[in-house]
Each structure stands twice: as structure tokens, then as C-alpha cells.
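Written below as C-alpha cells is the structure these notes are about.
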Ligand code: ASP
């Protein structure tokens with residue numbers, strides 16, 4: 001008998017479905033049927049799984065905003081036909097894709113869960129099997145009122161379910177490849193799957209909407225001791241730039257050299273939206289805490305608070321497309337839209 005639980009699984013590529021080239025040993029994406037053949041256990045789950053893939057599976061290093069749009073539109077197309085959506089994705093840029101989808105898919109009342117693996121599925125010690133099977137179980141999980149247990153964009157990896165826009169890839173080797181420094185786990189899988197219901201977003205009353213447009217005219221400038229004016233100028237003087245992410249030290253600090261402050265505030269005068277995002281993974285930007293962030297704070301730099309770099313970058317692209325006025329942009333950027341930041 002066919003199950004009433006229906007999941008749409010979208011395959012984008014990544015290690016999970018890769019196979020080693022017999023001559024060179026290089027890992028390259030393989031096809032979806034091969035992946036499913038490797039996990040016969042999927043047939044034992046009380047769930048019907050339909051599948052689809054991006055045109056050609058890719059290493060996630062090649063993910064572009066166009067792919068995010070395709071994924072978002074694919075989910076929109078079948079939003080009402082499935083209980084949940086599972087996206088198989090390379091881990092390298094999974095946190096960016098999860099962040100992007102969290103902004104593009106508005107008023108979600110269904111789970112969209114990204115997962116992948118550190119070892120290809122055909123390898124005996126691969127983490128792919130557990131990641132995939134538990135992801136599907138979580139995507140079909142319901143609360144006592146029959147609504148979806150996790151109505152948000154998530155990442156599942158190595159027994160942990162994370163809010164997607166809070167994740168950061170922390171290891172190229174460990175099976176536990178991700179971490180959420182500033183937000184608790186949404187669920188943990190052991191003998192049972194324990195959901196942290198207090199941490200999960202409540203489903204909105206509004207109807208679902210897909211809004212995938214992004215502006216990619218953004219630049220990133222990382223602060224480091226010894227940073228030189230001519231290199232900074234070559235980035236900041238670009239007339240195409242509409243948004244700038246300044247990767248600062250600690251709680252939002254930067255060198256206090258006049259040339260640097262002038263260069264950054266000059267951007268703001270041209271209505272370039274400038275966001276302060278810390279190079280630290282844990283904790284938050286706290287503008288004005290130190291003298292070394294005061295001049296930028298006084299000039300109106302935008303705080304990313306405790307957002308990940310990935311979420312801050314995509315939120316910048318998302319809001320640039322929607323809000324031209326600097327003050328309104330700052331207000332929206334500093335407000336949690338999808339649980340991506342906490343203001344204390
Ligand atoms: N390079 C791979 C990718 O991101 C790594 C992985 O899948 O984990 O596509």
C-alpha cells in the first residue's frame with residue numbers, strides 16, 4: 001500500500017552521490033539512480049519518495065544564485081503536493097544554499113531539509129546512509145496536531161538537525177561537518193529523534209510565497225593586520241558595488257586608520273549598504289563596545305549581530321533587491337526575518 005507521506009527529494013550533486021574515477025581517483029558527481037540503488041532501506045520507510053535533480057549534478061563549489069532560484073521555484077511548483085522536501089547537496093556551500101532558501105521561501109509550513117555526506121554513498125563507511133534516512137524521517141515527522149514538526153529550512157548532518165541559516169561548515173574531515181554556534185539544535189537523532197520544539201519556528205498564518213530575486217552586486221572585504229589602502233581602494237571604488245560586507249575582528253572592530261574609515265564611510269555616502277560581520281563564529285557584533293568600532297557605528301554601519309557570514313551575505317543579496325533606502329535597509333537587516341539572528 002502506498003504511504004500517505006509524500007516527500008520530494010531534489011538532487012543537486014555533492015559527495016553523497018559521487019563516484020571515484022577509476023584512473024585518477026578524482027571524485028565527480030554521479031547520477032541519482034545509482035544513489036537510490038545504494039540505499040534499499042529507503043523502501044522500508046513509511047513514505048513515498050519522488051525524485052528530481054538539477055540538470056546536471058554539480059560539486060557544490062559551483063552553486064550559483066541561479067541554482068537557488070531553480071530549487072526555490074521547483075519547491076513552489078509542487079509545494080502543495082508534498083509533506084516535505086529533501087535536498088541532497090554538497091557540504092561545501094550547503095550553509096549558503098540553506099540560508100538563501102530560508103529567505104526565498106516565505107511563510108513555510110513544511111520542512112525543507114538539506115543533507116549530504118562526507119564520504120560517497122558507495123563506500124562502506126559512508127555517512128550518507130544515516131544522513132539520508134534520518135532526514136527523510138524528520139521530513140515526515142508531525143506534531144500531535146498533524147502539522148509538520150519542523151516547518152523551516154534546515155540542515156541535517158551526523159545526528160544533528162540545525163536551522164539552515166545558522167549553520168557553518170567547520171570540518172573537511174569529521175562526519176560532524178557543521179556547527180551552529182549561536183542557535184541550539186532543532187533535533188538530535190539517537191535511538192529516538194528528540195525534537196527541541198521550543199527552538200523550532202512556529203508555522204506562519206500567511207500563505208506560502210516564493211520570492212527568489214537576489215541582487216549579487218556585493219563585495220566582501222576581510223580585515224587583517226597590514227591591510228593596504230591601494231588594495232582596499234580597488235574594491236571599494238567599484239561603481240557597480242551596491243553592498244559591502246566588512247569582515248571585522250571580534251565584536252565588530254576594525255583598524256582605526258583614517259584612510260580606512262574614510263574609504264568605508266565614502267561607500268555609505270554613495271548609498272552602498274555596508275554590513276559589519278565578525279570573523280568570529282560564536283557571539284555577536286556589538287558596535288561601540290570598543291573604540292575600534294565606534295567610528296563605523298557613528299557613520300551608520302549595519303550590524304549583523306550574531307548571524308553567520310553565509311546568512312549575512314545572502315540576506316544582503318535578498319534585501320538589496322527589495323529596499324533601496326539605507327535607513328530602511330538597516331532596519332530590516334537588523335531584524336530577524338527567518339530566525340537568522342538574535343538581538344539581546
Ligand atoms: N566538494 C563537495 C561538494 O560540496 C563536498 C561535499 O559534498 O561534501 O560538493
Checklist entry - With respect to the numbered conditions (1) away from the ligand (no atom under 16 Å from the Cβ); (2) over 21 Å from the mean Cα position of the chain (by Cα); (3) closer than 25 Å to residue 215 by Cα, which one is the sole condition not fulfilled by residue 48? => result (3)
Item to check | Search result, residues across the stretch 305-321 that are farther than 21 Å from residue 266 by Cβ and touching a helix residue (DSSP H, G or I) at 6+ places or on another chain (Cβ under 8 Å) | outcome: 307, 308, 310, 311, 313, 314, 315, 317, 318, 319
Checklist entry - If you take the residues of the stretch 59-85 that are surrounded by fewer than 18 Cβ atoms within 10 Å (Cβ to Cβ) and outside any helix (DSSP H, G or I), which of them is nearest to the chain's Cα centre (by Cα)? => result 64
Checklist entry - When the stretch 237-254 is examined, which residues are found to be surrounded by fewer than 21 Cβ atoms within 10 Å (Cβ to Cβ) and outside any loop (DSSP other than H, G, I, E, B)? => result 247, 249
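Would you mind stating whether residue 161 is in contact (Cβ under 8 Å) with a residue 12 or more places away in the chain, buried (at least 19 other Cβ atoms within 10 Å of the Cβ), in a strand (DSSP E or B) and within 13 Å of the ligand (Cβ to nearest atom)?
Numbers: in contact (Cβ under 8 Å) with a residue 12 or more places away in the chain: yes; buried (at least 19 other Cβ atoms within 10 Å of the Cβ): yes; in a strand (DSSP E or B): yes; within 13 Å of the ligand (Cβ to nearest atom): no.
So residue 161 does not fit the description; no.
When the residues of the stretch 30-58 are narrowed to those that are part of a helix (DSSP H, G or I) and touching a residue at least 24 places away in the same chain (Cβ under 8 Å), which ends up surrounded by the fewest Cβ atoms within 10 Å (Cβ to Cβ)? Spell out how you get there, then give the answer.
We begin by selecting, within the stretch 30-58, every residue part of a helix (DSSP H, G or I); these are 32-37, 40-44.
Add one more test, that the residue is touching a residue at least 24 places away in the same chain (Cβ under 8 Å), and what stays is 32, 34-35, 41-42.
Numbers: 32: 18, 34: 14, 35: 25, 41: 11, 42: 16.
Ranking the candidates gives 41 first.
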Next on the checklist: Among the residues that make up the stretch 299-310, is at least one of them at pLDDT below 95 and either outside any loop (DSSP other than H, G, I, E, B) or touching a strand residue (DSSP E or B) at 6+ places or on another chain (Cβ under 6 Å) (or both)?
Outcome noted: yes
Item to check | Enumeration of residues in the stretch 205-221 that are surrounded by 14 or more Cβ atoms within 10 Å (Cβ to Cβ) and not in a loop (DSSP other than H, G, I, E, B) | outcome: 210, 218, 219, 220, 221
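From the list 117, 100, exactly one residue is touching a residue at least 60 places away in the same chain (Cβ under 8 Å), closer than 24 Å to residue 281 by Cα and part of a loop (DSSP other than H, G, I, E, B). Which is it?
Working: 100 fails: part of a loop (DSSP other than H, G, I, E, B).
Sole residue among the options that is touching a residue at least 60 places away in the same chain (Cβ under 8 Å), closer than 24 Å to residue 281 by Cα and part of a loop (DSSP other than H, G, I, E, B): 117.
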Item to check | Residue check, residue 102 surrounded by fewer than 19 Cβ atoms within 10 Å (Cβ to Cβ), closer than 24 Å to residue 185 by Cβ, away from the ligand (no atom under 16 Å from the Cβ) and modelled with pLDDT of 95 or more | outcome: no
Next on the checklist: Please go through the stretch 133-155 and give me each residue that is within 18 Å of residue 115 (Cα to Cα) and in a loop (DSSP other than H, G, I, E, B), ordered by number.
Outcome noted: 141, 149, 150, 151, 152
Checklist entry - Would a scan of the stretch 118-134 turn up a residue that is within 27 Å of residue 208 (Cβ to Cβ) and within 15 Å of the ligand (Cβ to nearest atom)? => result yes
Checklist entry - Tally time: how many residues in the stretch 252-269 are free of Cβ contacts under 8 Å to residues at least 24 places away in the same chain and farther than 15 Å from residue 294 by Cα? => result 1
Next on the checklist: Scan the stretch 259-268 and tell me whether some residue there is farther than 30 Å from residue 70 by Cβ, modelled with pLDDT of 95 or more and assigned to a loop (DSSP other than H, G, I, E, B).
Outcome noted: no
Next on the checklist: I want to confirm something. Restricting to the stretch 175-197 and keeping residues that are part of a strand (DSSP E or B) and closer than 15 Å to residue 135 by Cβ, which single residue is farthest from the ligand (Cβ to nearest atom)?
Outcome noted: 195
Checklist outcome for this item: Exactly one of 14, 25, 90 is within 15 Å of the ligand (Cβ to nearest atom), on the phi > 0 side of the Ramachandran plot and surrounded by 14 or more Cβ atoms within 10 Å (Cβ to Cβ), and that residue is 14
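Quick test for you: out of 231, 224, pick the one residue that is free of Cβ contacts under 8 Å to residues at least 12 places away in the same chain, in a loop (DSSP other than H, G, I, E, B) and over 30 Å from residue 147 (Cα atoms).
It is 224.
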Checklist entry - How about the stretch 126-173: which of its residues are in contact with a helix residue (DSSP H, G or I) (Cβ under 8 Å, 6 or more places away or on another chain) and at positive phi? => result 158, 159
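The values are calculated or read from the model by the stated rules, or taken from the named source; none is laboratory data. Keep in mind that what you see is a predicted model, and the values were worked out from it rather than measured. Using ideal geometry, Cβ is built from the backbone for each residue, glycine included, and neighbour counts are taken over all protein chains shown.
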